[in-house]
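Working notes for the structure below.
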Amino acid sequence: MIFSVIVIVLIGIIAFFHYTQGFFSSAISLLLAIVSAGVAISYEEPVVNNFLGGKFADEANGMMLIVIFAVSYCILRFIFDAAIPGNVRLPVLIDKIGAGVMGLFAGIIGAGIFAIAAQMLPFGPNIAGYGRFETSEDQQVQLSSQFGQAQDMYIHDALKNDKFDPDNQKKMIIPADDWVVGFISYLSQPAGALAGDRPVSSIHPDWINELFADRLGIEPGGKHVAVNSGKIPQITVTGVYSPASLPEVGGESPDIRKDQPTGVVKSSAAQTLLVVRTLVDHNATDDDNLFRFSMATCRLITPNGKIYYGVGTVADSSTLVASRLDDFLFTEGKGADIAFLVSPSDVFTPAKQGQSPRVADGVLLQVKRLGWVNLGGKEVARSMPASGDVALLRKPDVLRAIHPPEQEVSAPLVYQDLKNSADLFTQINVGTPDADVKDQQFSSGTVSLRDHKFSKLDINSTDTIQRMRQGGYPVNTFATPTGKSVVQISAQPAGDNPWQWADALGEFTLVDTNGNKYKPNGAIAKLKEPNGQDKMAAIYDADNAVNSLAKQDGRPTDVWIIYDVPAGTQFKQWDYQDKLAHKIAE
């Protein structure tokens with residue numbers, strides 16, 4: 001409201017000044033204001049790009065629009081005043097009414113230029129109460145925390161509707177900005193009085209809405225403009241892709257936005273998914289090396305005057321992360337795969353048989369106002385390769401949606417602990433003092449020793465654990481090949497069949513942080529018989545993997561799965577039948 005009042009006051013001041021000058025002088029002034037407005041609107045971007053080189057880009061467009069308008073008007077006024085020093089005398093009534101009318105139109109032109117320039121400055125979505133589309137009042141939300149304490153925050157200036165619907169568009173009381181842009185766009189058409197190489201509408205089909213969009217999703221103090229001028233453009237495109245389909249997840253925390261999209265986005269004859277791989281030069285980033293942008297600041301402009309705003313970004317070349325127009329997005333010194341949903345007839349040239357389609361001539365990508373890239377003629381690939389050059393900073397909730405944690409399967413053993421230990425839970429009397437023995441037999445099985453350690457073990461439940469410990473030659477250490485160490489996973493049987501795991505021993509694999517998998521070299525089961533006695537069953541081979549353990553009488557209460565692995569190996573998970581049984585490390 002305040003902004004509308006300022007514009008009305010400005011129109012009134014200009015109109016009154018012209019009213020005092022007379023009809024003839026006011027008519028000339030209006031003509032000069034129209035020409036000056038056309039020159040200012042046509043040349044403010046080229047001047048900022050070519051002469052300022054993008055310096056002070058956030059403020060330069062608005063300031064240059066005012067400067068060019070004012071300078072053009074003053075020069076033309078000086079020339080006309082010098083050429084026509086006198087006034088034309090008319091009847092007083094006609095002179096005053098005509099001067100007032102001419103002054104009113106001149107005021108609209110001048111105030112419209114002022115209003116457009118103000119909307120080019122790096123303000124928030126609303127300028128003194130004027131916002132192109134309705135935003136919601138401040139909304140308080142609570143963000144959940146992994147530490148159990150919620151965090152309060154406020155959402156400011158969020159769009160009520162996630163699209164620029166003309167039916168919901170708001171205008172000033174006197175929409176001078178719309179009138180000026182519309183009038184100059186009309187005059188810049190090929191048959192217009194201010195016609196040039198390209199009409200204004202071919203570059204800015206919906207300029208006032210674009211200026212509003214440029215103020216969405218960027219924090220105050222962050223750069224609102226990227227510039228593709230000079231030797232190094234700040235925005236470049238390295239690939240254009242049209243995948244047949246992509247799974248879709250929401251780009252915001254569920255605490256902030258409940259209606260997160262899920263499913264699959266598919267390309268069709270009516271609507272195609274187009275992904276533009278956009279890289280950002282470090283000169284476009286803020287002082288903290290972050291490039292701040294939003295989907296409202298990324299748009300495709302087609303030769304027929306259609307504007308397509310971004311619908312999200314693609315993560316890992318595989319998942320569409322949907323974003324609203326005003327969502328705050330950040331990339332740290334890298335780029336982004338920006339996704340659009342477009343009509344193929346607007347964006348593509350017909351592809352010849354056996355060839356990939358190409359982007360039609362005249363299709364422009366615009367990023368943060370002055371980051372223009374001509375996409376015309378670029379090949380549109382179906383397959384989108386992964387790239388380390390694109391990466392966005394995302395919230396933990398969004399990352400979990402992109403890479404949902406793998407669900408643990410129901411395995412016949414329940415993980416308890418992992419230890420780097422070569423010791424058996426009990427000693428076994430091997431009946432010989434020899435350090436190296438092969439297939440030494442005793443009542444409960446056979447053992448082989450290497451350097452007085454178990455290199456092989458095959459034990460049944462004939463004797464109790466207490467009896468196997470008795471004797472003068474106890475051993476309780478597993479031998480391992482050179483450079484390896486023993487890792488033991490302790491577990492407990494699950495389900496109604498406590499021996500189910502024994503036949504599937506080889507299905508339990510240990511996975512390290514590099515993705516390498518290790519099969520068991522053995523297993524130990526501690527048994528409890530109905531009479532309360534403790535027994536054991538065991539199998540171990542230091543040089544080979546084992547696939548099963550013979551079932552014994554008694555119920556296994558504790559189980560140890562043994563792996564020989566390279567020393568120092570770090571592990572991330574324990575798998576059963578190549579599916580996650582337990583997550584060991586994040």
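If you roll a 1.4 Å probe over the stretch 434-582 with all protein chains in place, what percent of the accessible area is carbon or sulfur?
Its accessible area is 38 percent carbon and sulfur atoms.
Output the 0 to 90 degree angle, nearest 10, between the alpha-carbon long axis of helix 2-21 and the longest principal axis computed from the alpha carbons of the chain.
The helix 2-21 is inclined about 20 degrees to the chain.
Pull up all non-local amide H partners of Q234: gap of 5 or more, or a different chain, and H-to-H distance under 5 Å with H placed in the peptide plane.
Answer set, sorted by chain and number: V227, N228, S229.
When the helices in the chain are scored as -39500 (n - 2.57) per DSSP H run of 4 or longer and the sum is shared across all residues, what 222 nm value do you end up with, to the nearest 500 deg cm²/dmol?
Calculated mean residue ellipticity at 222 nm is -8000 deg cm²/dmol.
Give the long-range amide H neighbours of G251: residues separated by 5 or more places, or on another chain, with amide H under 5 Å away, using H modelled in the peptide plane at 1.01 Å from N.
Close amide H contacts, sequence-distant or interchain: A322.
Only Lys, Arg, Asp and Glu count, each charged at its Cβ (+1, +1, -1, -1), so figure out the dipole size of the stretch 163-296 about its Cα centre, rounded to 20 debye.
Dipole about the Cα centre, nearest 20: 300 debye.
Heavy-atom accessible area of S448 with all protein chains present, probe 1.4 Å, nearest 10 Å²?
10 Å²
Give me the percent relative contact order of the stretch 501-559, please, defined on Cα pairs under 8 angstrom at least 6 residues apart.
After rounding, I find 39 percent.
What is the magnitude of the charge dipole of the chain about its Cα centre, with +1 placed on the Cβ of each Lys and Arg, -1 on the Cβ of each Asp and Glu, and no other charges, expressed in debye to the nearest 20?
So the magnitude is around 980 debye.
Just to make sure I understand: if all protein chains stay in place, what is the order of D451, D423, D177, D286 by accessible area at 1.4 Å, largest first?
D451, D423, D286, D177
Choose one of M64, N460, I127: the residue whose Cα lies farthest towards the positive end of the charge dipole of the chain (beta-carbon charges +1 Lys, Arg; -1 Asp, Glu; about the Cα centre).
Checking the options against the dipole of the chain, the answer is M64.
With contacts defined as alpha carbon pairs under 8 Å and 6 or more residues apart, what's the relative contact order of the chain in percent?
Across the chain, relative contact order equals 10 percent.
As I understand it, the dipole of the stretch 482-586 uses +1 on the Cβ of Lys and Arg and -1 on the Cβ of Asp and Glu, about the Cα centre. Which of S490, I584, Y563 lies farthest toward its positive end?
I584
Charges only on Cβ, +1 for Lys and Arg, -1 for Asp and Glu: so what's the dipole of the stretch 297-340 about the Cα centre, in debye to the nearest 20?
Rounded to the nearest 20 debye, it is 240 debye.
Relative to the first principal axis of the alpha-carbon coordinates of the chain, what is the inclination of helix 92-120, with its axis defined by its Cα atoms, in degrees from 0 to 90 and to the nearest 10?
20 degrees
Rounded, prolate or oblate: pick one for the chain, where a ≥ b ≥ c are the square roots of the eigenvalues of its C-alpha gyration tensor, a/c under 1.5 means rounded, and failing that, prolate if a/b is larger than b/c, else oblate.
Judged from the Cα gyration tensor, the chain comes out prolate (a/c at least 1.5, a/b above b/c).
Can you list residues whose amide H is under 5 Å from Y130's amide H, if they're 5+ apart or on another chain and H is modeled 1.01 Å from N?
Residues meeting the amide H criterion: F3.
Protein chains only, probe 1.4 Å: how do D327, D178 rank by accessible area, largest first?
These residues rank, largest area first, as D178, D327.
When ranked by the protection proxy of mean other Cβ atoms within 10 Å per residue, highest first, what sequence do the peptides 13-20, 512-519 form?
Highest-to-lowest ranking by the protection proxy: 13-20, 512-519.
As a test of reading the structure, rank Y473, Y415 by solvent-accessible area (1.4 Å probe, protein chains only), most first.
Result of the area sort, largest leading: Y473, Y415.
May I ask you to give the solvent-accessible area per residue for the chain, in square angstrom, as obtained with a 1.4 angstrom probe?
In whole numbers, the chain has 48 Å² accessible per residue.
I'd like the accessible area for K378, computed on protein heavy atoms only with a 1.4 Å probe and all protein chains in place. Round to 10 Å², please.
About 70 Å², rounded to the nearest 10.
Return a whole-number percent for the relative contact order of the stretch 1-90, with Cα pairs under 8 Å and 6 or more residues apart as the contact set.
Rounded, it is 31 percent for the stretch 1-90.
Against the longest alpha carbon principal axis of the chain, how many degrees, from 0 to 90 and to the nearest 10, is the axis of helix 57-83 turned?
10 degrees
How large a share of the accessible area of the stretch 274-432, in percent, is made up of carbon and sulfur atoms when the probe is 1.4 Å and the other protein chains stay in place?
48 percent
Under a Cβ-Cβ cut-off of 12 Å, what is the net charge of the residues other than P254 that fall near it, where Lys and Arg count +1 and Asp and Glu count -1?
0
The values are calculated or read from the model by the stated rules, or taken from the named source; none is laboratory data. Every value quoted in this text rests on a predicted model; they were computed, and no experiment measured them. All Cβ positions, even for glycine, are placed from backbone atoms using ideal geometry, and neighbour counts span all protein chains on display. Ligands, DNA and RNA are excluded from the accessible area calculation, which covers all protein heavy atoms including side chains. Shrake-Rupley method; radii C 1.70, N 1.55, O 1.52, S 1.80 Å.
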